Structures are given as structure tokens and as C-alpha cells.
Amino acid sequence: MGLKPRFRFRGFHLHSFNQYLSDKLSCVRPIQDTRHSTCQRKSYGENLPKASIVICYHNEAFSVLLRTVYSVLNRSPLHLIHEIILIDDFSNLHDLHQNLTVHLEKYLPKVILKRTSERLGLIRARVFGAHLATGEVLIFLDSHCEVNQMWIEPLLARIRESRKNVAVPIMDIINADSFLYEPSSIVKGGFNWGMHYRWDSLPKSYYLHPGAEYYPIESPTMAGGLFAMDRAYFHELGEYDTGMDIWGGENLELSFRIWMCGGRLEIIPCSRVGHIFRSRRPYGGDGFLKNSLRVAHVWMDGYIKYFFQTCPSAVNMDYGNITERQALRKKLNCKSFKWYLDNIYPEQTLPAAVDSNAVIRKKEKEVEIIDVKTRRKGLLKHMGSGLCVQSERSIYDKRSLLTLAVCEPSEDKNQIWYETSNQDLRLANTLCLDVNTTVGPFARLMHCSGSGSQIWTWSTKDNV
Ligand code: LR7
Ligand code: MN
């Protein structure tokens, strides 16, 4: 007899993915080789540097954590793995550290297991792990990944090329409901002025370039969880800002620092690593706003005003002491944020002037202004039919389809859309109108991510 639904739900509640299913799957399983065929024919020669893989976790599901470790052990040439360092960031679930130590005993001392004596948060936990490492290259992974065929060689080869290259794999998707491993399209990293990471699509011309399917792509930012970096260079460049708490912001901080202080950040299309993308973080604590403020104060010069314009609540927030990080920027002789925008992220646009929507406001009669500067709400009306876009099921249900229905502008109807300063359109402030381009394009509801697929602009033409 299977588990009762409430137990199945418990896994979801604890981890925001289908733990019940993960526990039933083998911790060693075949996955689709999502690389382009050219990658499958490439070889990277001898004498690649060896890597220390650092994986930090807080209350991770045991089966998912094991699958992460086994995928590394099974899909990497063992002579390239100097060690795997597992840092238990003070979990309080299922004796994780203890069970893992028992389970991985035969791999000791190649696998190193440590537990922190207090909750450090992922940023300080990674620094703790990096200090234990002795391999030439550091590779960080989240605790819910599966690495794919020959994932490590192309990353290490870029670092062999130059110690100042920081290499990021393509992040494939492990579906949080079905655990199916799905390929991702090739995109770059960017950010919006709310300091959220977003995926930016590549220009069409990119695909015309010979060798595009395997050649490294310069990326203005990285998502943060999965990357390889020369270990000495990681220390030289200032590790992480350990004044940051729990989660968030460190990925932009490191990205800016790499580019502005003489390094290079690249996405490596031949390296594929799956990651479980979930719609909510299940653990408590978040430092996102404070951490982002630290990033903005240290790295963004006068451009901080766009962050404040987008996030007025950050203006008076405490962000601790940043003098050490400012001194680091000086010591490393880093370039200006303007240089970064002009040279590394020229596609980035500045937020529209505060009141540029006046014309639109006149046209969209139903739109009610909540905050002239940043936000408004209203119906999304299809001009031809006069019908409104609404979610078919609950506004909190990500699987809900979008349909057209008779407009009924009352609060309990699933038709009230919020436009935010991130240029996205939200239902009930949680789910965003998103475009799926892999099998589409079609519109759907997705967890708000700040990605390019969720940015909407108002047409200023009549009747459009
Ligand atoms: O207190 C904590 N201590 C931890 O050790 C909180 C978390 N963690 C661990 C956690 O178990 C996990 O292994 O830190 C890792 C990252 O946390 P997630 O998986 O809950 O975060 P995420 O995947 O939503 O976060 C992305 O952004 C973070 C910003 O701080 C980090 O940079 C993550 O590494 C990053 N993940 C990725 O880039 C994978 C692709 C996702 C995207 C986009
Ligand atoms: Mn993650």
C-alpha cells in the first residue's frame, strides 16, 4: 500500500519538490544527454586541473542529495575529482549529516563531510567549504543537481586556458513534480533593477556564428549555484562577501566583481548540469534585500539610484558595514559600473522615467493606479472580443491555464493583474504572466523570476 496523500504532501511541503517520487527513484539513474552532437565529439586532452566540488545543503531531501553526489562520482573521470566537500549547514531534519556519513563511508576520504556549528546561510557555508578545499579548481553545486555526460571537462579546460576564466554550465531542468530531466535552451545571465537575476536570450545572430553550439559565451552575470573557478583566484578576488545572510545577491556580487576586476565569466554550452527548479524556497530566512543593498553600495556607483527607484523600501534599510568590501574593490583596482554596463552588458536598459506611462493610463480606463511610481493593477482586456485574461483555477495554482472570460473586475475574480516595477504582470502578487518559447510561444503562469520571458511592455498604438 502506498503512502497516504498527506505523507506525500509532507515531502512537497518540506522541500517544494516531489520528494515522495525522488525516494522511489534510484539514486543512480540514466538521464538524457542534452548536449549538442558537436560536444559529444569533442575531447579536452590531458592535464586538466583537478577540482574540489563544494556542495552546501540545509535540510535537503536525502535521496536528492545522494543522487547529486552519485551523479558526480559516476559521470566524472575520478582523477579529475580531487575531493567532494559536503557542508551540512546546520540542518535539523532526518540526521542528514550522520546518515550521509554512514552511506558514503566507502568514498572517504575523497568525500569530506562537515557540519557547521550554527546556521551560516549558503554564502558563508560556501566560504567555509572553500577554506577546506585543496584542489586546484573549486566547483560549487547546489544540493539538488544531476551532472550530465562530460560535464566537468569543458569547465576545467576553460580554466586551464586562463585562471581568470570563471565557467558556468548550462542549467538543465529537473522537473520538481515529475523529476524528468529536461534540456534548457542556451541563454545568458542578466539582472533587472530590482537586483533579481534574469535569463536573457541570445541575439539571433549568435546562432549564425560557426561553432556557436559549443563555443563559450560571455555572460554579464551568473545564476550563482553552479560554477567552476580557479581556487587561488577565488581567494585572490575576495571569495564572497561574508556580511551577506542566508540567500541571495551573492551571485550578482561575484559576477560584477569578476568582470570589473579583470576576470571573465562564461557559459559553457557543452557542460550540462540539471537543477531542480522549484517555485518556492522551503526553508526560513532570507537576506535578499540586505544582501542586494550591500552589492549596490559597493559595486554600482551612481546606478544605485535605479535600484532605489525600483525598490523604494530598500532606501532606509540597514545593510551593515561594507568598508572591507569597498577596500577590496580599491585594492583590486576594479573598473567602474559604467564600464561594466557599457562593455559587458550593453543590452541593459535603464528603467523608464517614472511617469512615462501617462499616455497609456489615459487609454486603459480600467487601470487603477496604486503607486504612480512603481505599480498599478487592473484587467487585461482583449480588444477584439472585449474579454479578459484570467486564470482558470486558483490564482495561486501554477498549473492553472489562462483563459479569456467575461470581464468582472471584482477582487475575488482571477482577473486582477498587477504590473510591478520589474515590468512583469502578476496575479495576486505571486505568479507571473510568462511566455513559454520552447513549445510555443504560448502564455502561461509561472513563479515570478524576473526573467526576460516575463517582461511585458505596453503598446502605445491605438487598438493594439
Ligand atoms: O541557509 C542555507 N544554507 C544552505 O546551505 C540556505 C540554502 N543552502 C543551500 C541549499 O540547500 C542549496 O543547496 O544553498 C543551495 C542554494 O539554495 P536554493 O537551492 O534553495 O536556492 P536557488 O536554487 O533558488 O538559488 C539560486 O540563487 C541563490 C542565491 O543566493 C544561490 O546562488 C543558488 O546557488 C542559486 N542556484 C542556482 O543558480 C541554480 C539555478 C537556479 C536559478 C536561477
Ligand atoms: Mn537550487
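The figures follow:
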{"read-out": "Boolean, ARG280 is within 14 Å of ligand 1 (Cβ to nearest atom), among the basic types (Lys, Arg) and either exposed (fewer than 13 other Cβ atoms within 10 Å of the Cβ) or more than 23 Å from the chain's Cα centre (by Cα) (or both)", "value": "yes"}
{"read-out": "Residues satisfying the stated conditions in region 139-176, i.e. among the acidic types (Asp, Glu) and within 16 Å of ligand 2 (Cβ to nearest atom)", "value": "ASP142, GLU146, ASP172"}
{"read-out": "Filtered residues of region 216-234 (kept if within 16 Å of ligand 2 (Cβ to nearest atom) and either among the charged types (D, E, K, R) or free of Cβ contacts under 8 Å to residues at least 40 places away in the same chain (or both))", "value": "GLY224"}
{"read-out": "Members of region 242-259 that are among the small types (Gly, Ala, Ser) and buried (at least 22 other Cβ atoms within 10 Å of the Cβ)", "value": "GLY248, GLY249, SER255"}
{"read-out": "Single residue of region 89-136 satisfying the filter (part of a helix (DSSP H, G or I) and free of Cβ contacts under 8 Å to residues at least 24 places away in the same chain) that is nearest to MET229 (Cα to Cα)", "value": "HIS131"}
{"read-out": "Tabulated pairs, region 256-282, first over 17 Å from GLN32 (Cα atoms) and away from ligand 2 (no atom under 16 Å from the Cβ), second part of a strand (DSSP E or B) and among the small types (Gly, Ala, Ser), C-beta under 9 angstrom, 6+ apart or interchain", "value": "LEU265/ALA167; LEU265/GLY189; GLU266/ALA167; ILE267/ALA167; ILE267/GLY189; ILE268/ALA167; ILE268/ALA228"}
{"read-out": "When residues of region 284-298 are limited to those that are crowded, with 19+ Cβ neighbours inside 10 Å and within 16 Å of ligand 1 (Cβ to nearest atom), the one nearest to HIS13 (Cα to Cα)", "value": "GLY287"}
{"read-out": "Number of the condition not met by ILE186 [criteria: (1) under 25 Å from ILE344 (Cβ atoms); (2) of a type in the set (Val, Ile, Thr); (3) modelled with pLDDT of 95 or more]", "value": "(3)"}
{"read-out": "Verdict on ILE81 being over 22 Å from the mean Cα position of the chain (by Cα), under 17 Å from ALA133 (Cβ atoms) and either more than 16 Å from ligand 2 (Cβ to nearest atom) or of a type in the set (A, V, I, L, M, F, W, C) (or both)", "value": "yes"}
{"read-out": "Test: residue in region 183-201 that is more than 16 Å from the chain's Cα centre (by Cα), in a loop (DSSP other than H, G, I, E, B) and within 16 Å of ligand 2 (Cβ to nearest atom)", "value": "no"}
{"read-out": "Cβ pairs under 8 Å, 6+ apart, first in region 142-166 and over 15 Å from ILE217 (Cα atoms) and without any contact (Cβ under 8 Å) to a residue 60 or more places away in the chain, second polar (S, T, N, Q) and more than 13 Å from ligand 1 (Cβ to nearest atom)", "value": "none"}
{"read-out": "Residue in region 300-318 that is within 16 Å of ligand 1 (Cβ to nearest atom) and in a helix (DSSP H, G or I) present", "value": "no"}
{"read-out": "Where a residue in region 9-33 is in a loop (DSSP other than H, G, I, E, B) and surrounded by 16 or more Cβ atoms within 10 Å (Cβ to Cβ) and its partner, wherever it lies, is modelled with pLDDT of 95 or more and of a type in the set (Val, Ile, Thr), with Cβ under 6 Å and at least six apart", "value": "PHE17/ILE276"}
{"read-out": "Every pair of residues 6+ apart whose Cβ atoms lie under 9 Å, when the first sits in region 433-459 and is more than 18 Å from LEU202 (Cβ to Cβ) while the second is at pLDDT below 70 and outside any loop (DSSP other than H, G, I, E, B)", "value": "TRP458/VAL359; TRP458/ILE360; TRP458/LYS363; SER459/ILE360"}
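The values are calculated or read from the model by the stated rules, or taken from the named source; none is laboratory data. Everything numeric in this text was worked out from a predicted model, so none of it was measured. Heads up, the Cβs are rebuilt from the backbone with ideal geometry, glycines too, and the neighbour counts pull from every protein chain shown.
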